[in-house]
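> Structure incoming, see below.
The values are calculated or read from the model by the stated rules, or taken from the named source; none is laboratory data. Computed from a prediction, not measured in an experiment: that's the story for all the values here. Using ideal geometry, Cβ is built from the backbone for each residue, glycine included, and neighbour counts are taken over all protein chains shown. Quick note on the areas: whole protein, heavy atoms, side chains included, nothing else; ligands and nucleic acids left out. Shrake-Rupley method; radii C 1.70, N 1.55, O 1.52, S 1.80 Å.
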Amino acid sequence: MERKSPICILLPMVISLFLATGLCGCQNDDYPEKVVQPDDIVRSRYSSFFNSETSRFFTADDHDRVYVIDSQEDLRKYYKGGSQLPQIGLNGNTLILGKLSTKDVSCSIENRIFKIKDVVGTMHVELYPLGYGGWPEDEKYVYFWDLYPKKLLDKVNVKKVYLDNPNLKELTETSLFGKNIPVKRVKRSSLPSWLVEKISSLSAEYAYEGKWNKNTVYVIESYRIKSNYDPNIDFLIAPPGTVIFDSKGNTITDNISNELTDLKCIYYASHI
């Protein structure tokens, strides 16, 4: 009886192994990545709710968080607001909600493309930077939501792409009382709590720190006031709507603008 050499026995096994693992150059991929389009017709029915309420699904501690919602029960579980939830046909649709951090830059969402491979989705989000501003330690956020034809998904990943904005730059100098003032934004935690609250409550555009009679003073410029008849409307009070405070938060009523020294801008709301 003729005996086969070890090479003759092993060769078919090696070839099978190469074919199975794709090492021969022919990759076998049963689940290629596919672009999935949102259901715009169904989406339009709920845009008024989600466009104003998206943030109600997330907490302040949520940074890059995405929810895949396949049932009305899941929708109720994640919702943190007080409004009545719409009845969405989630038997045939999948709702995806997202909150993305953009670090120290305010952004708008220019485009997003949703791709699925097997049971994993990837949301490709193009972000257009709008400007720096606010407190340096605070992250900025954008929200998105979409309804897609029903898909079996275990999770959704996010890939953020920052587009180029040729006008985007950190503010280094501004003007106050006709003078050029350097900008040195400081952390909220380093300022008196009353000043942080005042900047927030007045929706200040700018805040400055300086000296008067060798004492520290603060200037809040171009703040906004709310309308008495419509809480959704506010008015911008431009200079001379400037308020000066001492280090304890008391208003200084004297016209001392020409006597201020060592001024620097410590906060600005936004800048492009």
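> Scan (1) over 26 Å from R185 (Cα atoms); (2) open to solvent by less than 50 Å² (accessible area, probe 1.4 Å) for the single condition E126 breaks and write down its number.
Tallying (1) over 26 Å from R185 (Cα atoms); (2) open to solvent by less than 50 Å² (accessible area, probe 1.4 Å), E126 fails exactly one: (2).
> State which residue is modelled with the highest pLDDT when the search covers only the range 224-272 and only residues that are open to solvent by 80 Å² or more (accessible area, probe 1.4 Å) and in a strand (DSSP E or B). Don't jump to the end; show me each part of the working.
Residues of the range 224-272 that are open to solvent by 80 Å² or more (accessible area, probe 1.4 Å), as a first pass: 226, 228-229, 231-232, 235-236, 240, 248, 250-251, 253-255, 258-259, 262, 272.
Add one more test, that the residue is in a strand (DSSP E or B), and what stays is 226, 235-236, 251, 262.
Details: K226: 52, F235: 52, L236: 49, T251: 91, D262: 96.
For the range 224-272, the residue satisfying everything is D262.
> Could I ask something else about it? Quick check on the range 4-38: of everything there that is modelled with pLDDT under 85 and of a type in the set (V, I, T), which residue is nearest to K77 (Cα to Cα)? Write out each step before concluding.
Restricting attention to the range 4-38, the residues satisfying the condition of being modelled with pLDDT under 85 are 4-32.
Applying the additional criterion that residues be of a type in the set (V, I, T) yields 7, 9, 14-15, 21.
Working: I7: 62, I9: 60, V14: 52, I15: 52, T21: 43 Å.
Here the answer is T21.
> Enumerate the pairs (first residue in the range 106-122 and assigned to a strand (DSSP E or B); second residue anywhere and among the acidic types (D, E) and at pLDDT 95 or above) with beta-carbon separation below 9 Å, excluding pairs fewer than 6 apart on the same chain, so at least 6 apart or on different chains.
Partner pairs satisfying both residue conditions: I109/E126; E110/E126; N111/E126; R112/E126; I113/E126.
> Going by what's in this entry, would F177 be described as hydrophobic (A, V, I, L, M, F, W, C) and open to solvent by 50 Å² or more (accessible area, probe 1.4 Å)?
Values: hydrophobic (A, V, I, L, M, F, W, C): yes; open to solvent by 50 Å² or more (accessible area, probe 1.4 Å): yes.
Against the criterion (hydrophobic (A, V, I, L, M, F, W, C) and open to solvent by 50 Å² or more (accessible area, probe 1.4 Å)), F177 qualifies.
> Right, something else. Scanning the range 39-61 for residues that are charged (D, E, K, R), at pLDDT below 90 and part of a helix (DSSP H, G or I), which turns out most open to solvent (accessible area, probe 1.4 Å)? Before the answer, list the steps.
Taking the range 39-61 as the starting set, the residues that turn out to be charged (D, E, K, R) are 39-40, 43, 45, 53, 56, 61.
Now restrict to residues that are at pLDDT below 90: 39-40, 43, 53, 61.
From what is left, the residues that are part of a helix (DSSP H, G or I) are 40, 43, 53.
Working: D40: 102, R43: 50, E53: 26 Å².
Residue satisfying both the conditions and the ranking: D40.
> Could you please let me know if D104 is under 26 Å from H124 (Cβ atoms), surrounded by fewer than 11 Cβ atoms within 10 Å (Cβ to Cβ) and modelled with pLDDT under 90? Walk me through it before giving the result.
On the way: under 26 Å from H124 (Cβ atoms): yes; surrounded by fewer than 11 Cβ atoms within 10 Å (Cβ to Cβ): no; modelled with pLDDT under 90: yes.
No: the conditions fail for D104.
> Give the range 166-196 a look and list any residue that's of a type in the set (G, A, S), in a helix (DSSP H, G or I) and without any contact (Cβ under 8 Å) to a residue 40 or more places away in the chain, or say none. Spell out the reasoning first.
The initial filter retains those residues of the range 166-196 that are of a type in the set (G, A, S), namely 175, 178, 189-190, 193.
Narrowing further to those that are in a helix (DSSP H, G or I): 189-190, 193.
Hits for the range 166-196 are S190, S193.
> Sticking with this one: Among (1) modelled with pLDDT under 90; (2) exposed (fewer than 14 other Cβ atoms within 10 Å of the Cβ), where does R76 come up short?
Single failed check for R76: (1).
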